[in-house]
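Q: Next up is a structure, given as structure tokens.
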Amino acid sequence: MHDNEIFVPEGYRILDVEGVRQLITELPIAGALGGSKDSWRIEEVGDGNLNLVFLVRGTTGGFAVKQALPYVRLVGESWPLPLSRAHFEHSALVHQAEFASGLVPSVQHYDATLSLMIMELLEPHIIMRHGMIAGTIYPRFADDISSFMARTLFNTSPFAMSGHEFKSLVAHFAGNSAMCKITEDVIFTEPYMPCENNRWTRPWLDGWAETIRQDDDLKRAVTRLKRKFMGSTEAMIHGDLHTGSVMLTAEDTRIIDPEFAFMGPMGFDVGAIIANLLLNYFSQIGHERNIGERNDYREWILLTVEKVWTLFRSRFLELWQEKGSGDAYTARIFGDDNHAAALNQEREAWMDHVFVNMMGFAAAKMIRRIVGIAHNIDLESIEDSRIRATAEARALQLARDLMVNSNAYPDIAAITTTARRVNETIPELTG
Ligand code: ADP
Ligand code: SR1
Ligand code: MG
């Protein structure tokens with residue numbers, strides 16, 4: 001059931017290529033494109049689940065134009081969705097640019113009536129999923145994504161902010177609850193019960209889908225995770241930080257699409273990126289032409305998983321050391337150097353808390369991409385359904401264990417070691 005009373009402001013209309021051309025013509029930023037308006041090349045490229053995205057190229061520059069639709073694009077008008085997500089995406093991008101400048105596209109224009117944002121055109125960047133499917137190594141990625149997460153999460157937390165500033169952000173992003181509801185439904189609920197939205201690689205994973213629906217330990221664990229997602233106002237999180245929200249080259253990394261942003265648990269962002277790296281790791285069996293051809297690439301992915309966590313952790317702690325002047329974990333009460341160790345211990349305990357949450361959220365993110373509504377191309381593009389299901393079964397095996405036996409994973413190396421073991425020891429499905 002979805003809320004059918006979606007507010008569409010007067011003046012809102014869904015744009016097409018000519019509508020985008022006309023809109024830009026009337027804006028001061030038009031000059032950056034160069035050439036006459038009729039020479040601009042405009043195409044709709046939206047490959048996401050929710051919105052329209054047009055790429056506009058002139059003779060001297062380009063833009064990406066993103067417009068929210070009053071419904072979920074993946075499903076159609078039967079699933080209405082508030083246009084206000086464009087407002088939250090815009091404000092999240094502005095905050096992210098403040099704290100992680102150079103790691104997000106710059107915003108050129110925002111039109112509240114049309115729920116539309118014009119951004120810097122990222123070119124020749126590609127969506128990271130596509131690069132990973134092709135086996136491309138991204139030497140900057142671990143550094144950049146961990147900086148992005150450390151800076152955006154730390155600076156929007158009460159470790160950096162006053163209580164007043166922090167609560168203003170909490171109040172603002174509470175308005176993005178419709179987007180949170182999508183996550184609450186499609187990640188933390190539907191995969192664990194019979195639901196018409198769910199799908200999986202049939203018939204190979206029929207057993208797994210049923211097992212998930214019968215697994216009380218898993219249900220208890222995901223129930224706890226859902227509550228954490230709903231009630232942990234730790235920082236402004238991106239909210240949909242998968243490898244489809246990363247556009248990059250070998251030299252430059254940008255994070256796009258923060259329309260699910262809200263004040264939530266830090267571990268959700270870190271878990272999302274690690275889950276998507278691991279899903280791609282398991283998918284490599286479907287992308288190599290000869291067995292073992294992608295072994296080096298597999299190892300690069302696991303090394304990247306380890307670096308993402310360790311760099312995130314150390315950078316977050318560095319920021320805390322440098323600018324921990326927020327109202328939470330008040331440094332003043334620890335006073336002189338004699339007590340500094342106690343404060344540092346407490347900060348490390350916070351990072352352990354984020355690690356445990358990260359693991360659970362990563363597991364939930366992996367499970368939802370295999371038996372829930374929205375799958376990812378890393379696995380979906382594997383044509384041979386037996387091979388695809390083999391990769392998916394391995395990912396499910398790891399995810400279930402991460403969620404239910406989290407105590408067995410004291411550090412990130414335990415996760416990558418188990419991923420490797422699962423990938424190498426669970427045999428290909430036959431039948
Ligand atoms: P959705 O919210 O519907 O998921 P995204 O923000 O992920 O939409 O954008 C959809 C696609 O549009 C991306 O996969 C990417 O190919 C393209 N895109 C989005 N933003 C930009 C940009 N700033 N520059 C170039 N391409 C972009
Ligand atoms: C019904 S929308 C499903 C997914 O699309 C978005 O990209 C988010 O990942 C959401 O969960
Ligand atoms: Mg999106």
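Q: So which strands (runs of 3 or more DSSP E) are wholly in segment 1-81 and hold at least 3 residues that are of a type in the set (Gly, Ala, Ser)? It would help to see each step written out before you state the result.
A: On the way: elements: 41-44, 51-57, 62-68, 76-80.
Once the strands (runs of 3 or more DSSP E) in segment 1-81 are filtered for at least 3 residues that are of a type in the set (Gly, Ala, Ser), what remains is 62-68.
Q: Within the bounds of segment 79-99, is there any residue that is within 16 Å of ligand 3 (Cβ to nearest atom), more than 18 Å from the chain's Cα centre (by Cα) and over 30 Å from residue 169 (Cβ atoms)?
A: No, the conditions are met nowhere in segment 79-99.
Q: Right, here's the next one. Select from segment 62-81 the residues that are on the phi < 0 side of the Ramachandran plot and of a type in the set (Gly, Ala, Ser) and write down the one among them that is surrounded by the fewest Cβ atoms within 10 Å (Cβ to Cβ). Walk me through how you get there before you give the answer.
A: Step one: list which residues in segment 62-81 are on the phi < 0 side of the Ramachandran plot, which gives 62-75, 77-81.
Now drop any that are not of a type in the set (Gly, Ala, Ser), which leaves 62, 64, 68, 78.
Working: 62: 19, 64: 20, 68: 25, 78: 9.
Filtering segment 62-81 for residues that are on the phi < 0 side of the Ramachandran plot and of a type in the set (Gly, Ala, Ser), the one surrounded by the fewest Cβ atoms within 10 Å (Cβ to Cβ) comes out as 78.
Q: Looking at residue 240 and the list (1) among the charged types (D, E, K, R); (2) more than 15 Å from ligand 1 (Cβ to nearest atom); (3) closer than 24 Å to residue 403 by Cβ, which single condition is not satisfied?
A: (2) is the only condition that residue 240 fails.
Q: Here's another thing I want to ask about it. Every residue in segment 82-107 that is in a loop (DSSP other than H, G, I, E, B) and on the phi < 0 side of the Ramachandran plot, please. I'd like the intermediate steps shown before the answer.
A: Step one: list which residues in segment 82-107 are in a loop (DSSP other than H, G, I, E, B), which gives 82-84, 100-106.
Of everything in segment 82-107, those that are in a loop (DSSP other than H, G, I, E, B) and on the phi < 0 side of the Ramachandran plot turn out to be 82, 83, 84, 100, 101, 103, 104, 105, 106.
Q: Considering only residues that are among the small types (Gly, Ala, Ser) and loosely packed, with under 15 Cβ neighbours inside 10 Å, which ones fall in segment 313-348?
A: To start, the set of residues in segment 313-348 that are among the small types (Gly, Ala, Ser) comprises 314, 324-326, 328, 331, 335, 340-342.
314, 325, 335, 340, 341, 342, listed by residue number.
Q: What is the number of the single condition among (1) free of Cβ contacts under 8 Å to residues at least 60 places away in the same chain; (2) within 16 Å of ligand 2 (Cβ to nearest atom) that residue 242 does not meet?
A: The failed condition is (1).
Q: State whether one or more residues within segment 190-208 are within 16 Å of ligand 2 (Cβ to nearest atom), surrounded by 22 or more Cβ atoms within 10 Å (Cβ to Cβ) and β-branched (Val, Ile, Thr).
A: Here is the first cut: in segment 190-208, the ones within 16 Å of ligand 2 (Cβ to nearest atom) are 190-192, 195-200.
Next cut, surrounded by 22 or more Cβ atoms within 10 Å (Cβ to Cβ) only: 191-192.
Of the ones still in play, those that are also β-branched (Val, Ile, Thr) are none.
No; the residues of segment 190-208 include none that is within 16 Å of ligand 2 (Cβ to nearest atom), surrounded by 22 or more Cβ atoms within 10 Å (Cβ to Cβ) and β-branched (Val, Ile, Thr).
Q: Within the set of pairs 6 or more residues apart or between chains, which connect a residue that is among the basic types (Lys, Arg) inside segment 218-233 to a residue that is in a helix (DSSP H, G or I) with Cβ atoms less than 7 Å apart?
A: Correct list of pairs: 219/192; 226/184; 228/357.
Q: Quick check on residue 128: is it within 16 Å of ligand 2 (Cβ to nearest atom), at pLDDT 95 or above and in contact with a Ser or Thr (Cβ under 6 Å, 6 or more places away or on another chain)? First the steps, then the outcome.
A: Details: within 16 Å of ligand 2 (Cβ to nearest atom): yes; at pLDDT 95 or above: yes; in contact with a Ser or Thr (Cβ under 6 Å, 6 or more places away or on another chain): yes.
The answer is yes for residue 128.
Q: Quick test for you: out of 65, 56, 8, 20, pick the one residue that is hydrophobic (A, V, I, L, M, F, W, C) and within 16 Å of ligand 3 (Cβ to nearest atom).
A: Numbers: 56 fails: within 16 Å of ligand 3 (Cβ to nearest atom); 8 fails: within 16 Å of ligand 3 (Cβ to nearest atom); 20 fails: within 16 Å of ligand 3 (Cβ to nearest atom).
Every option except 65 fails the conditions.
Q: What is the number of the single condition among (1) in contact (Cβ under 8 Å) with a residue 24 or more places away in the chain; (2) farther than 22 Å from residue 90 by Cβ; (3) surrounded by 18 or more Cβ atoms within 10 Å (Cβ to Cβ) that residue 40 does not meet?
A: (1)
Q: Could you check, for segment 159-176, whether at least one of its residues is aliphatic (A, V, I, L, M) and within 16 Å of ligand 1 (Cβ to nearest atom)?
A: Filtering segment 159-176 down to residues aliphatic (A, V, I, L, M) leaves 160-161, 169-171, 174.
Checking the rest, the ones that are also within 16 Å of ligand 1 (Cβ to nearest atom) come to none.
Checked against the condition, which is being aliphatic (A, V, I, L, M) and within 16 Å of ligand 1 (Cβ to nearest atom), segment 159-176 yields no hits at all.
Q: Something else about it: Can you spot a residue in segment 78-93 that is within 16 Å of ligand 2 (Cβ to nearest atom), of a type outside the set (A, V, I, L, M, F, W, C), at pLDDT 95 or above and touching a strand residue (DSSP E or B) at 6+ places or on another chain (Cβ under 6 Å)?
A: Yes, because at least one residue in segment 78-93 is within 16 Å of ligand 2 (Cβ to nearest atom), of a type outside the set (A, V, I, L, M, F, W, C), at pLDDT 95 or above and touching a strand residue (DSSP E or B) at 6+ places or on another chain (Cβ under 6 Å).
Q: Oh, and also: Quick check: anything in segment 260-279 modelled with pLDDT of 95 or more, touching a strand residue (DSSP E or B) at 6+ places or on another chain (Cβ under 8 Å), charged (D, E, K, R) and part of a helix (DSSP H, G or I)?
A: yes
The values are calculated or read from the model by the stated rules, or taken from the named source; none is laboratory data. Remember, it's a predicted structure, so these values are computed and weren't measured experimentally. Positions of Cβ are backbone-derived with ideal geometry, glycine not excepted, and every protein chain shown enters the neighbour counts.
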